[in-house]
Amino acid sequence: MTNDHIYKKIELVGSSTKSSDDAIEQAIARASQTLRNIDWFEVVETRGHIKDGKVAHWQVVLRIGMRLEPDD
């Protein structure tokens with residue numbers, strides 16, 4: 001048996017009116033409700049909506065890495 005891992009990546013977009021960090025946390029929290037073996041994430045893109053000269057909404061594109069379960 002080996003300790004090598006195989007991962008699957010999915011892409012998510014988190015959003016928040018608070019901050020980019022909150023958008024990341026919201027996406028990970030929601031993904032954790034239905035996905036198993038989430039091990040890591042990377043931020044691919046950050047963007048937002050401006051209203052009246054201020055940031056009104058954050059959107060963060062994430063790649064989530066899920067470790068595949070070994071065959072039995």
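Evaluate the following for Ile64: is it part of a strand (DSSP E or B) and under 12 Å from Lys9 (Cα atoms)?
The answer is yes for Ile64.
Please verify whether segment 23-31 includes one or more residues that are assigned to a loop (DSSP other than H, G, I, E, B) and either aromatic (Phe, Trp, Tyr) or touching a residue at least 24 places away in the same chain (Cβ under 8 Å) (or both).
no
Across segment 26-47, which residue is farthest from Leu62 (Cα to Cα) among those that are open to solvent by 70 Å² or more (accessible area, probe 1.4 Å) and among the hydroxyl-bearing types (Ser, Thr, Tyr)?
Thr34
Being hydrophobic (A, V, I, L, M, F, W, C), surrounded by fewer than 10 Cβ atoms within 10 Å (Cβ to Cβ), modelled with pLDDT of 95 or more and at negative phi narrows it down to one of Ile50, Ile64, so name that one.
Ile50
Within segment 6-25, take every residue that is within 9 Å of the chain's Cα centre (by Cα) and more than 15 Å from Arg47 (Cβ to Cβ) and give me the one that is most open to solvent (accessible area, probe 1.4 Å).
Ranking the candidates gives Glu25 first.
The values are calculated or read from the model by the stated rules, or taken from the named source; none is laboratory data. These numbers were taken from a predicted model, which means no experiment stands behind them. Because the Cβ atoms are built from the backbone with ideal geometry, glycine has one as well, and the counts that use them run over all protein chains shown. The area values use the complete protein model at the heavy-atom level, side chains included, leaving out ligands, DNA and RNA. Shrake-Rupley method; radii C 1.70, N 1.55, O 1.52, S 1.80 Å.
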